Structure formats: structure tokens, C-alpha cells
Amino acid sequence: MEHNREVEIDGNSNPIQISRLALDIGGSLIKLVYFSRNSGDDEDPPKDKVGVSNGVNGRLHFAKFETAKINDCLQFISANKLLLGGGFQHQENCTNDRSFIKATGGGSYKFSELFKEKLGISLEKEDEMDCLVTGANFLLKAVNQEAFTYLNGSKEFVQIDHNDLYPYLLVNIGSGVSMIKVDGDGNFERVSGTSVGGGTFWGLGKLLTKCQSFDELLELSHRGDNRAIDTLVGDIYGGMDYSKIGLLSTTIASSFGKATSHNKDLEDYKPEDISRSLLRMISNNIGQISYLNALRFGLKRIIFGGFFIQSHSYTMDTIAVAVHFWSKGEAKAMFLRHEGFLGALGAFMSYEMHSLDDLVVNQMMPLPVNASLGTDTNYDPLKGDLNGTESIQCSVYRA
Ligand SMILES: Nc1ncnc2c1ncn2[C@@H]1O[C@H](COP(=O)(O)OP(=O)(O)OP(=O)(O)O)[C@@H](O)[C@H]1O
Ligand SMILES: CC(C)(CO)[C@@H](O)C(=O)NCCC(=O)O
């Protein structure tokens with residue numbers, strides 16, 4: 001393998017040096033987080049209290065691939081020379097670092113032989129729940145304008161008070177859903193989960209609408225009207241509310257209830273209505289189970305992560321409304337800008353010299369957004385998919 005540390009990525013003509021790559025290999029998606037040193041850095045490297053330079057400036061990069069296209073991911077790592085980093089070369093003996101990368105998620109077990117065979121690298125496995133919590137705590141504490149609430153179409157950033165962050169319920173909506181009560185750094189318990197998650201939306205949606213990509217299915221939901229398929233309270237109550245138990249006529253009484261109609265088949269329903277109804281059913285259900293778990297432990301804050309959300313307004317709105325409705329406004333749903341990268345960030349933090357305190361994030365610097373996987377016919381696996389993501393300008397300090 002070549003050992004040139006200066007590489008080009010993202011079509012940028014400036015050579016940048018990659019150090020540290022971590023992976024979260026999930027049931028649906030592989031997430032990558034890697035750090036690149038700034039090249040020709042104008043900024044002074046971070047200094048300690050007595051003014052000695054003890055860190056480097058750079059960027060954290062995010063990318064994702066479908067797990068089914070793992071070969072694209074391997075190619076991306078290899079083409080962009082992401083394995084060449086070995087820490088900060090002026091201080092580190094990096095020989096060991098080159099032989100493994102930190103990885104989490106079920107795929108770190110399932111694909112460990114493939115990484116060995118194709119890239120000659122071992123995956124050092126980190127526990128998935130540990131990584132989710134570390135990643136969420138890092139984002140909440142270190143990144144400005146990371147957490148936000150979403151209600152009635154309006155997004156509001158939440159200023160997190162570090163002394164008043166815990167406890168909270170972390171709900172990670174990936175292929176399946178994990179619900180974790182977080183009481184501090186490394187102090188957590190997975191209190192619940194549900195198999196009705198992002199994989200369910202994508203899987204059922206694909207079967208029912210014949211969509212070819214997740215983004216297409218989401219796009220369909222924008223244009224759909226779930227009332228064509230869902231049975232509303234008003235459909236049952238002759239257009240009236242059932243106010244005695246607090247149900248409006250417009251509330252869904254039964255998701256997909258109208259599909260029981262004897263004289264209609266799948267072809268009689270519009271794919272966009274199916275997608276909308278499915279998205280609403282799954283989001284509502286997750287919102288409700290999350291609320292019930294928050295209630296179990298008296299938690300007021302529910303933080304949602306995972307790539308199912310994809311900052312999609314209708315998804316967030318449905319989840320937030322469900323939490324608001326069931327908790328009568330007592331509990332708050334919060335979302336994260338880097339929602340899908342919690343596990344990968346946690347794995348990144350698990351490199352010895354990156355504790356939460358080592359990584360100081362200065363500011364958010366949006367990168368040009370590439371087209372998304374699946375819908376972009378010009379999709380280039382060598383560039384990865386930075387869809388909806390950014391790189392973060394940050395400094396890394398030595399422990
Ligand atoms: N391009 C995409 N292809 C497939 N699914 C996508 C895509 N974008 C978003 N999703 C959604 O994100 C979900 C996967 O989210 P995420 O990557 O957080 O979980 P995962 O790590 O793959 O799953 P798990 O943790 O259960 O192993 C999918 O089930 C789907 O709902
Ligand atoms: C199995 C994992 C943890 C893999 O990420 C996830 O898909 C999940 O939490 N599924 C839900 C399983 C359950 O608790 O019913």
C-alpha cells in the first residue's frame with residue numbers, strides 16, 4: 001500500500017491529510033467519519049495554557065453508503081487514501097494505527113473478513129450503544145446549533161446547557177429502533193427498542209410503491225395525502241370529533257384502514273398516498289413508544305437520531321406532534337443536524353487520543369452538497385455521498 005499522506009478528496013485541488021477514520025456499519029447504511037488536517041493552514045494550531053502548540057486544526061468529514069453497496073465504500077476508502085492516517089505524525093508512532101480502524105454496528109462483525117481481505121485492515125469493534133451515546137453527547141456538547149425542535153413547520157435551535165443535559169432519552173431510528181436512557185458520559189441503559197423502524201418504512205414502501213430508492217419514497221410522501229388510505233375518526237363518527245376522549249375528526253383512527261375496502265386493490269391507491277400513510281404510521285408509532293418510555297423514567301427530553309429522519313420535515317413534524325400530543329406538551333422532541341452519524345462519531349471518539357475533551361469544534365462550515373445516493377445517475381462512488389451533511393471545522397488536542 002502507498003504511504004503518501006497527502007491526498008485529494010471532494011474534488012478539492014488542495015491536498016489534505018487524512019488522519020483517523022471510523023465506521024458505523026449498520027443494517028442499511030455504512031457511515032464514515034474522518035478527520036483531515038488543514039493544509040497550508042493559516043490558522044495557528046491550538047495552544048495549551050502556557051502557549052505550547054498541542055493540537056491540529058482540521059475538519060471532520062462525514063460520508064455514507066448503502067450497506068448493500070459495501071464495495072463502493074471500500075473503493076471510496078481506498079481511492080481517497082483514508083487509511084493512511086496514523087494520528088499526528090510529528091508526535092505519534094503510527095505503525096499500529098495503520099493496521100486497524102475503529103468500527104461499530106453489526107457490520108463490524110459481519111464484514112470484518114471482507115475489510116481484511118480487500119483493504120488489509122482489521123476492524124477494532126466498539127459497542128454500538130456506547131458509540132451512539134458518545135456520539136450524541138459529543139454533538140450536544142461540542143457543536144454549535146446542533147440540536148433543534150421542530151413544530152408546525154418551524155425549526156428552533158436549542159442552546160444546550162452542559163450542566164442540564166442529563167437525563168434524556170436517545171431514540172436512534174436506524175433499520176430498527178433503539179431507545180436509550182442517557183444519564184451521563186458512558187452512563188446509560190438501553191431501555192427499549194422496536195423492530196418497526198426505518199427498514200420497515202423503506203421495505204414496505206418499496207413493496208407497495210415499487211420505488212427504486214429511499215429518497216424517491218420520501219419524495220413521494222411530500223405529494224401524498226394519507227386520508228385516501230387511513231381511516232380517520234371522522235370516517236367512523238360521521239364527520240364528527242369524538243371529543244369526550246379528545247379525538248378530533250381528523251385524527252387517524254386506523255392506519256391503512258381504508259385499504260380493507262373490498263372493491264379496491266393496490267393499483268387503486270396512489271403510491272404517494274401510500275408513502276405518506278406509511279411514513280405517518282411509522283413516525284407516529286415511534287413517537288408514541290418514545291413518549292411512553294420517557295414517561296416510564298420521568299424524562300422530559302427525547303432526542304431523535306438515525307438516518308430514517310434525514311431532516312425530513314414531515315417525519316420530524318409527525319414525531320414531534322406525537323410526543324407533544326401524548327405528553328400533553330410535557331415532553332419535548334429534539335432532532336440533531338448530524339442525526340445519522342452518532343455511532344460513527346462515537347467510534348471516532350474511541351481512538352485513544354480522542355476523548356470528548358480532545359476535540360474542540362470551532363464552527364460549522366458547510367461543504368458543497370453532492371447529489372444523493374440512488375437518485376443521482378451521475379453518482380460517483382469515489383466521491384461518496386455527502387448528502388445532507390457537512391464537514392465541521394475543528395481542532396484536535398492531544399490528551
Ligand atoms: N439512501 C438510503 N438508503 C437506504 N436507507 C436510507 C437511505 N437514507 C436514509 N435511509 C433510512 O435510514 C435507515 C437507516 O438508518 P441508519 O443508517 O441510522 O441505521 P443502520 O445503522 O443502517 O441500522 P441499524 O442500526 O438498525 O443496523 C434506513 O432504514 C432508511 O429508513
Ligand atoms: C439490532 C439493532 C441494535 C442493530 O442496530 C437495531 O436494529 C435495533 O435496535 N433493532 C430493534 C430491535 C428491538 O429492540 O426490537
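The values are calculated or read from the model by the stated rules, or taken from the named source; none is laboratory data. Being a predicted model, the structure only gives us computed values, none of them experimental. Every residue, glycine among them, receives a Cβ derived from its backbone with ideal geometry; neighbour counts consider all protein chains shown. For the accessible areas, the whole protein counts, side chains as well, though only heavy atoms, and no ligand, DNA or RNA atoms are used. Shrake-Rupley method; radii C 1.70, N 1.55, O 1.52, S 1.80 Å.
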Exercise. Subtracting the Cα-Cα distance from 0.36 nm times the residue separation, let me have the gained length for Glu219 to Leu292 in nm, one decimal.
Key: 23.3 nm
Exercise. Step through the residues of the range 231-239 one at a time and calculate ³J(HN,Hα) from phi using the Karplus curve (6.51 cos²θ - 1.76 cosθ + 1.60, θ = phi - 60°), rounding each to whole Hz and writing x for Gly and Pro.
Key: 8, 8, 4, x, 5, 8, 9, x, x
Quiz item: What is the Cα convex hull volume of the range 122-264 when expressed per residue in Å³?
Solution: 203 Å³
Quiz item: When the accessible area of the range 259-301 is split by element with a 1.4 Å probe, what percent falls to carbon and sulfur?
Solution: 48 percent
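Pull out a ≥ b ≥ c, the square roots of the eigenvalues of the alpha-carbon gyration tensor of the range 206-300, then state rounded if a/c is under 1.5, prolate if not and a/b is larger than b/c, and oblate in the remaining case.
oblate
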Quiz item: Counting only protein chains, not ligands or nucleic acids, how are Phe100, Phe65, Phe325 ordered by accessible area (probe 1.4 Å), most first?
Solution: Phe325, Phe100, Phe65
Quiz prompt | Accessible area per residue in Å² at 1.4 Å probe, computed on the range 206-324 | solution = 50 Å²
Practice problem: Under 10 Å from the Cβ of Ser254, count the other residues' Cβ atoms, weight Lys and Arg +1, Asp and Glu -1, and hand me the total. | Solution: -1
Quiz item: So who's got an amide H within less than 5 Å of the one on Asp230, skipping anything under 5 residues away but keeping other chains? H placed 1.01 Å off N, in plane.
Solution: Phe256, Lys258
Quiz prompt | From phi via Karplus (6.51, -1.76, 1.60), per-residue ³J(HN,Hα) for the range 70-81 in Hz, x at Gly/Pro | solution = 4, 5, 4, 5, 4, 5, 4, 5, 6, 5, 9, 6
Quiz item: Can you list the residues, at least 5 places off or on another chain, whose amide H is less than 5 Å from the amide H of Phe188, using H built in the peptide plane?
Solution: Asp183
Exercise. Would you work out what percent of the accessible area of the range 144-227, with all protein chains in place, is carbon or sulfur (probe 1.4 Å)?
Key: 44 percent
Self-check item: Relative contact order (%) - criterion: Cα under 8 Å, at least six apart; region: the range 95-244
Solution: 11 percent
Quiz prompt | Long-range amide H partners of Phe100 with built H, under 5 Å | solution = Ser122
Quiz prompt | DSSP-loop trypsin sites (Lys or Arg not before Pro) across the range 255-326, with at most 14 other Cβ within 10 angstrom | solution = Lys264, Lys300
Quiz item: Taking θ as phi - 60°, what are the ³J(HN,Hα) couplings along the range 279-288 by the Karplus curve (6.51, -1.76, 1.60), each to the nearest whole Hz, with x for Gly and Pro?
Solution: 4, 5, 4, 6, 5, 4, 4, 5, x, 5
Self-check item: Mean Cβ neighbour count within 10 Å, used as a protection proxy, ranking 153-159, 345-351, 281-287 highest first
Solution: 345-351, 281-287, 153-159
Practice problem: Kindly state, to the nearest 0.05, the FRET efficiency for Met240 paired with Asp265, given R0 = 22 Å and r defined as their beta-carbon distance. | Solution: 0.15
